[in-house]
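Right, one structure below, let's go through it.
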Amino acid sequence: MAELPSDHESTIGALYELFASATHDASAAMCRWTNGLIVVALDQVREIPLEDVGAELGIADELLTMVVLTLNGDVGGNLVLLFDEGNGRRLAASLLGRAPQTGPEWSDLEKSALTETGNILGCAYVNAITRLIGRDLMPSAPYFLQDYGASVLQQAVMMQALTSDRMLQCQIGFRSQDQRLDWRLVFVPTRGMQEAMRRSLYAAP
């Protein structure tokens, strides 16, 4: 089996270009979905030690609202869209054309608005990765989840911890009318996915 190139910066740079292209597609889709309200930009692509993930991403053990999409199999991973309560409620309200709700329970319409947002974003990234690695991926339907952020993040990286002590992390930023929103989309590929992407990036033309 051929070794991957050892130039770490070149690999991260190439992955950044891939996800920048996917983010451009995601931003166009989000503009259509939110009637021009939300745009998306790629903040960074980096590898970080698994033990530092929570601190690096600023995710404490607080209750978060999340939409999770899973790519099943060894060549897979998790896409996790994270909101605090207020930001999640405001997004759902803007998509539904009504004032933000304040009750403890989320309505089915609110959950549906957020999961469709996750579906739109997830499809853009899944399509880009599919084109890169040349194989079909099997994403789950995105699902709505409220849980403690550190716990969900731990689950997302658990399988990766079996084969690697570092995580490839792609962080996406959201803006509305030039104001940054406190949302985060984190892509956590398995080790098999990282290998497939890197080999495709460096395949002979």
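The values are calculated or read from the model by the stated rules, or taken from the named source; none is laboratory data. The shown structure was predicted, so the numbers you read here are calculated from the model rather than taken from an experiment. Please note that ligands, DNA and RNA were not included when accessible areas were found on the heavy atoms of the full protein model with its side chains. Shrake-Rupley method; radii C 1.70, N 1.55, O 1.52, S 1.80 Å.
When the gyration tensor of the range 9-58 is built from Cα positions, what are the square roots of 5 times its three eigenvalues, in whole Å, from largest to smallest?
Equivalent ellipsoid semi-axes, largest first: 26, 16, 6 Å.
Residue ranking by accessible heavy-atom surface, 1.4 Å probe, largest first, among Y202, Y148 comes out as Y148, Y202.
Surface calculation, 1.4 Å probe, protein heavy atoms: R89 sits at approximately 10 Å² accessible. Just to be sure I understand: with springs between alpha-carbon atoms less than 10 Å apart, which residue in T102, T70, T34 has the highest mean-square fluctuation in the Gaussian network model of the chain? Sorting by GNM fluctuation, first place goes to T102. Among the protein heavy atoms of the range 1-128, carbon and sulfur supply 51% of the accessible surface, probe 1.4 Å, non-protein parts ignored.
Counting only protein heavy atoms and using a 1.4 Å probe, the accessible area of E195 comes to about 50 Å². Its alpha carbons considered, the chain gives a radius of gyration followed by a Dmax of 16.9, 57 Å. Contact order for the chain, expressed relative to its length and based on alpha carbon pairs under 8 Å spaced 6+ residues apart, stands at 33 percent. Taking a ≥ b ≥ c as the square roots of the eigenvalues of the Cα gyration tensor, the range 18-132 is classed as oblate, since a/c reaches at least 1.5 and a/b does not exceed b/c.
Per residue, the chain exposes 50 Å² of solvent-accessible protein surface, assessed with a 1.4 angstrom probe and all protein chains in place. Rounded to whole numbers, the Karplus 3J(HN,Hα) couplings from phi for the range 98-104 are 8, 5, x, 7, 10, x, x Hz, using 6.51 cos²θ - 1.76 cosθ + 1.60 with θ = phi - 60°, and x at Gly and Pro. For the chain, the membrane-span-like helix rule (DSSP H, alpha carbon extent of at least 27 Å along the helix axis, mean Kyte-Doolittle at least -1.0) picks out 8-33, 108-133; this says nothing about an actual membrane.
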